[in-house]
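Handing you this structure, nothing more for now.
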């Protein structure tokens, strides 16, 4: 797995370098000019960082997750990718989620256009108080994240919800219904499944969480998943994913559209496990 993530990092670096020498973004210059009109600030991407803080995420994992985003946003590779874009800037917001009752914006929309703004965004993540809440509603996180673009004040070439988590949907709307609704708005959903624990019936973990994310959670143009299987992979995996999102690309391994095949794992497995355990 370490080798795969390293390869993805190299891919991201190559794509960023290619952008410098003039690879055209999807839609062409005319489309980009239109999307930058209307008073909104034109950026290369608007990215919503949706981060799991359900009880299945232990305090150590929460810390690693936050530190991973903070390190990625302030890394030299991130700055190089940022400056390689057509506009040389992106917009970011960061919120934490758990069950359908809990979505909390930690850092509102910010323009990231260089080291100072990246450092400030990272510092605000680090200053926030840690919280943990019950249940896991990926669907509610997606439905909360999608409307954030409308009031962002930015107009990106790409709109992405970047969702990380260590469990399956067991609360709120069905995840596939939420995914399809969000993708229909022209938003891409990428996934960062955290697979550090052995599947455990008491915590309702499942085997192959990465496949669940691939078949049930992500969607839209160029959608991809980068799983984390070891604690020391957090920073590298998060950085690689952000680099690919800035470049508007995906890992070469993913060539089949996510909605083009029958899911390999039940997309309602979380709801079923919860019902079997609690009876509601």
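Which of the residues spanning region 45-66 are out of contact with any strand residue (DSSP E or B) (no Cβ under 7 Å at 6 or more places or on another chain) and under 22 Å from residue 182 (Cβ atoms)?
Selection gives nothing.
Could you tell me whether residue 127 is surrounded by fewer than 20 Cβ atoms within 10 Å (Cβ to Cβ), out of contact with any strand residue (DSSP E or B) (no Cβ under 7 Å at 6 or more places or on another chain) and without any contact (Cβ under 8 Å) to a residue 60 or more places away in the chain?
Considered against the rule, which asks whether it is surrounded by fewer than 20 Cβ atoms within 10 Å (Cβ to Cβ), out of contact with any strand residue (DSSP E or B) (no Cβ under 7 Å at 6 or more places or on another chain) and without any contact (Cβ under 8 Å) to a residue 60 or more places away in the chain, residue 127 comes out as yes.
Any residue in region 224-237 that is under 16 Å from residue 63 (Cβ atoms) sitting within a Cβ distance under 6 Å of a residue that is surrounded by fewer than 20 Cβ atoms within 10 Å (Cβ to Cβ) and at pLDDT 90 or above? List the pairs, counting only those 6 or more apart or interchain.
Final answer for the pair search is 235/71.
Among the residues of region 136-164, how many are closer than 19 Å to residue 244 by Cα and buried (at least 22 other Cβ atoms within 10 Å of the Cβ)?
Qualifying residue count, region 136-164: 8.
Which ones in region 119-142 are in a helix (DSSP H, G or I) and closer than 12 Å to residue 101 by Cα?
138, 139, 140, 141
Return a yes/no flag: does region 201-221 have any residue that is within 14 Å of residue 162 (Cα to Cα), at pLDDT below 95 and assigned to a helix (DSSP H, G or I).
no
What number of residues within region 173-200 are surrounded by 15 or more Cβ atoms within 10 Å (Cβ to Cβ), assigned to a loop (DSSP other than H, G, I, E, B) and at pLDDT below 95?
Residues meeting the conditions: 2.
Another question about this same structure. Could you tell me whether region 190-209 includes any residue that is touching a helix residue (DSSP H, G or I) at 6+ places or on another chain (Cβ under 8 Å), in contact (Cβ under 8 Å) with a residue 24 or more places away in the chain and within 17 Å of residue 46 (Cα to Cα)?
yes
Next up: Would you list the helices (runs of 4 or more DSSP H) that sit entirely within region 1-112 and hold 3 or more residues that are closer than 24 Å to residue 225 by Cβ, more than 15 Å from the chain's Cα centre (by Cα) and modelled with pLDDT of 50 or more?
In region 1-112, 59-73, 76-84 are the helices (runs of 4 or more DSSP H) which contain 3 or more residues that are closer than 24 Å to residue 225 by Cβ, more than 15 Å from the chain's Cα centre (by Cα) and modelled with pLDDT of 50 or more.
The values are calculated or read from the model by the stated rules, or taken from the named source; none is laboratory data. This is a predicted model, so every value here is computed, not measured. Backbone-built Cβ (ideal geometry, glycine too); neighbour counts: all protein chains shown.
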